[in-house]
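Read the structure below first, then the notes.
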Amino acid sequence: MHIEKANFEEYKAFLNENSRPPSRGGNTRAWHQHRITIAGEVYSFRALGTKQWVYKNDTVSFEWEWDTSGK
């Protein structure tokens, strides 16, 4: 599937692993689940860190596929 030049409604990031000690980069460098809502549909991906990948006035384009669980 392909999303082309879409405006998103919401962007959130959630900690996806146990807390990390400061010596391993702390929680800001841990795995996070990032969720983008576009036209009421939620798309998600995992990435290291809390960095936001897109901002309010950005348009996004990406390809996606179902994982093995169908989620």
Original post:
Under unit Cβ charges (Lys, Arg +1; Asp, Glu -1), what dipole magnitude, rounded to 20 debye, does region 11-57 have relative to its Cα centre?
Top reply: 160 debye
**OP:** Note the full-extension length gain between Ala13 and Trp66 as 0.36 nm times their separation in residues minus their Cα-Cα distance, in nm to one decimal.
**Re:** 17.1 nm
Original post:
So, in the chain, how many Lys pairs have Cα atoms under 19 Å apart, if the pair is 8 or more places apart or on different chains?
Top reply: 4
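Determine the share of the chain's accessible area contributed by carbon and sulfur atoms, expressed in whole percent, with a 1.4 angstrom probe.
Values: 2730 of 5610 Å².
Exposed carbon and sulfur together represent 49 percent of the surface.
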Subject >> Over the chain, relative contact order from alpha-carbon pairs under 8 Å, at least 6 apart, % >> reply: 39 percent
Subject >> DSSP loop chymotrypsin sites (Phe, Trp or Tyr not before Pro) with at most 14 other Cβ within 10 Å excluded, longest remaining stretch of the chain >> reply: 1-52
**OP:** Identify which of the listed values of P(r) over Cα pairs in 10 Å bins from 0, in percent was calculated from the structure shown: (1) 23, 56, 20, 2; (2) 19, 58, 23, 1; (3) 18, 45, 28, 9, 0.
**Re:** (3)
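The values are calculated or read from the model by the stated rules, or taken from the named source; none is laboratory data. What you see is a predicted model, and the numbers here were worked out from it, not measured in a lab. Note that we place each Cβ from the backbone using ideal geometry, even for glycine, and neighbour counts take in every protein chain shown. SASA here: full protein model, heavy atoms, side chains in, ligands and nucleic acids out. Shrake-Rupley method; radii C 1.70, N 1.55, O 1.52, S 1.80 Å.
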